[in-house]
Amino acid sequence: MNSSLGPITGILLAGGKSQRMGREKGTLEIGNRRMFEYPLGVLETICEEILISSCSDQPSMAGHQVVCDEIKGIGPMGGIHSCLDQSPTDLNIVLSYDMPLISEGLLRHLVAESHGWDAVIPALHQDKPEPLCAVYRKSVLGAFRDLIKKKQYAVHQVIPMIKSRVLIIDDTMAFYHPDLFLNINRQSDLDRLPSGFGHE
């Protein structure tokens, strides 16, 4: 991405268990692709480098560095911490692998709004930020380490600790969708995808 803010690393959070889905959800097929390939594909259009947070290699992740959590068993916090630690760039886009509706337009908007902020976190409502779809500077690594030391593993807890901006996404934006941040956690969540999604 040719950004005045410099090169960007994408961090795809592809680890974790899928107890509610009843199987490994990252390889779940949606239309013509597996679920994780949708957000990965968006990151590939924007980022110079991509780190995959996972402790198991997937064949279609070939070409991207896979980073296993340095501290296991603490959820997305561990993945963000380990990948930020290994990131070669100041600016990073963190994205969960179970958000197939995330668009290039949204991520480019977050990057464009990131000047002067440690993190830009989107939200459809002010009280519901989406820290697993956000832009973070590498400098926030210390805040994540502090939370881990305190055994506080909810990612949203980092927001008040850093210079962060919660950016409201509304229907005036071309990339808006009411289910933009839909997480596919259960089979029933698939029914909320737009008709024909993935069959283009």
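Restricting to segment 174-200, name every residue that is exposed (fewer than 15 other Cβ atoms within 10 Å of the Cβ) and either touching a Phe, Trp or Tyr at 6+ places or on another chain (Cβ under 7 Å) or closer than 18 Å to Glu130 by Cβ (or both).
Once the filter is applied, which keeps residues that are exposed (fewer than 15 other Cβ atoms within 10 Å of the Cβ) and either touching a Phe, Trp or Tyr at 6+ places or on another chain (Cβ under 7 Å) or closer than 18 Å to Glu130 by Cβ (or both), segment 174-200 yields Tyr176, Pro178, Asp179, Asn185, Arg192.
Spot the failing condition for Ile71; the list is (1) aliphatic (A, V, I, L, M); (2) within 26 Å of Arg137 (Cα to Cα); (3) modelled with pLDDT of 75 or more; (4) crowded, with 16+ Cβ neighbours inside 10 Å, and only one is missed.
It is condition (4) that Ile71 fails.
Inspect all residues belonging to segment 93-111 and state whether any of them is over 14 Å from the mean Cα position of the chain (by Cα) and of a type in the set (D, E, K, R). Reasoning before the result, please.
Let us first name the residues in segment 93-111 that are over 14 Å from the mean Cα position of the chain (by Cα), namely 105, 109.
From what's left, of a type in the set (D, E, K, R): none.
Looking through segment 93-111, none of the residues is over 14 Å from the mean Cα position of the chain (by Cα) and of a type in the set (D, E, K, R).
How many of the residues making up segment 143-173 are within 13 Å of Lys128 (Cβ to Cβ) and free of Cβ contacts under 8 Å to residues at least 12 places away in the same chain? Explain how you work it out, then say what you get.
Here is the first cut: in segment 143-173, the residues within 13 Å of Lys128 (Cβ to Cβ) are 156, 159, 166-169.
Restricting the remaining residues to those that are free of Cβ contacts under 8 Å to residues at least 12 places away in the same chain gives none.
So the answer is 0.
Return the residues of segment 114-151 that are loosely packed, with under 13 Cβ neighbours inside 10 Å and part of a loop (DSSP other than H, G, I, E, B); say none if nothing qualifies.
Those that are loosely packed, with under 13 Cβ neighbours inside 10 Å and part of a loop (DSSP other than H, G, I, E, B): His115, Gly116, His125, Gln126, Asp127, Lys128, Lys150, Lys151.
What pairs come up if the first residue lies in segment 4-25 and is loosely packed, with under 14 Cβ neighbours inside 10 Å and assigned to a loop (DSSP other than H, G, I, E, B), the second is hydrophobic (A, V, I, L, M, F, W, C) and modelled with pLDDT of 55 or more, and their beta carbons are under 9 Å apart, counting only those six or more places apart or on different chains?
If the second residue must be hydrophobic (A, V, I, L, M, F, W, C) and modelled with pLDDT of 55 or more, the pairs left are Gly6/Leu91.
The values are calculated or read from the model by the stated rules, or taken from the named source; none is laboratory data. Remember, it's a predicted structure, so these values are computed and weren't measured experimentally. Virtual Cβ from ideal backbone geometry, glycine too; neighbours counted across all protein chains shown.
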